[in-house]
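The values are calculated or read from the model by the stated rules, or taken from the named source; none is laboratory data. Small disclaimer: the values here were computed from a predicted structure and weren't measured. Virtual Cβ from ideal backbone geometry, glycine too; neighbours counted across all protein chains shown.
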Amino acid sequence: MTSGNFSQRRPALVLLSGLPGAGKTTFARELGKALACAHFESDAVRRGIAATPTYAPDESARVFRTVEERAREALRSGRNTLVDATNLTRSDRRRFHRLAGRVDAFLVAVRLTAPEEVIRERLSRPRQGNSAAGLAVYELMRGRAQPSTVPVVVVDTRFDLAASIALVVRLVENGSG
């Protein structure tokens with residue numbers, strides 16, 4: 001939006017999705033180096049809510065309410081915002097799609113993926129960071145993924161992330177400017 005010589009930049013909401021082990025947080029960290037943004041990782045929020053996560057529906061509902069509240073605050077303050085979570089179903093993503101609309105943020109949806117054997121190998125090693133999801137959680141979630149209802153950048157994390165990071169940065173800069 002432009003009014004005279006004053007330019008109002010729309011913040012972007014970058015919404016990641018993907019199964020445990022797909023590389024969401026690795027992608028998010030690399031994107032954070034290239035794009036100034038508030039990063040809300042559902043696993044970090046979950047760790048703050050439950051020292052030993054159960055992934056029970058009530059726990060997950062609390063985690064995602066918290067992530068949504070924090071993302072809303074960041075977007076309203078004009079900050080680009082990155083939501084790093086599985087977001088596998090349309091209903092998981094819907095709250096963030098609506099949030100982007102309510103605060104007039106530009107939405108960039110990114111789905112992280114890798115072949116099953118790669119994900120299984122990643123999840124069989126000790127996890128770095130906040131995620132406690134292992135093969136058992138992967139097994140529970142792998143059949144839940146639903147197609148996106150908005151355009152989505154699909155990133156196969158077996159490969160170098162630089163080109164995908166550059167694409168998302170370009171989308172954010174072009175869409176929010």
Within region 47-75, can you find the residues that are surrounded by fewer than 17 Cβ atoms within 10 Å (Cβ to Cβ) and among the polar types (S, T, N, Q)?
Thr52, Thr54, Thr66
For region 83-101, how many residues meet the condition of being crowded, with 18+ Cβ neighbours inside 10 Å, part of a loop (DSSP other than H, G, I, E, B) and not aliphatic (A, V, I, L, M)?
2
Name the residue, out of Ala36, Ala44, that is surrounded by fewer than 15 Cβ atoms within 10 Å (Cβ to Cβ) and modelled with pLDDT under 95.
Ala36
Quick check, is Asn80 of a type in the set (S, T, N, Q) and out of contact with any Lys or Arg (no Cβ under 9 Å at 6 or more places or on another chain)?
yes
Can we say Arg72 is without any contact (Cβ under 8 Å) to a residue 12 or more places away in the chain, under 19 Å from Ala109 (Cα atoms) and outside any loop (DSSP other than H, G, I, E, B)?
no
Scan of region 55-69 for residues that are touching a Leu at 6+ places or on another chain (Cβ under 9 Å) and in a loop (DSSP other than H, G, I, E, B), ordered by number
Tyr55
Mind checking which residues of region 53-69 are free of Cβ contacts under 8 Å to residues at least 24 places away in the same chain, of a type outside the set (Lys, Arg) and farther than 15 Å from Leu99 by Cβ?
Thr54, Ala56, Pro57, Asp58, Glu59, Ser60, Ala61, Val63
What number goes with the only condition from (1) at pLDDT 95 or above; (2) touching a Pro at 6+ places or on another chain (Cβ under 9 Å) that Ala132 does not pass?
(1)
List every residue pair whose Cβ atoms lie under 6 Å apart, where the two residues are 6 or more positions apart in sequence or sit on different chains, the first residue falls within region 155-174 and is assigned to a loop (DSSP other than H, G, I, E, B), and the second residue, located anywhere, is modelled with pLDDT of 95 or more and surrounded by fewer than 19 Cβ atoms within 10 Å (Cβ to Cβ).
Leu161/Glu30
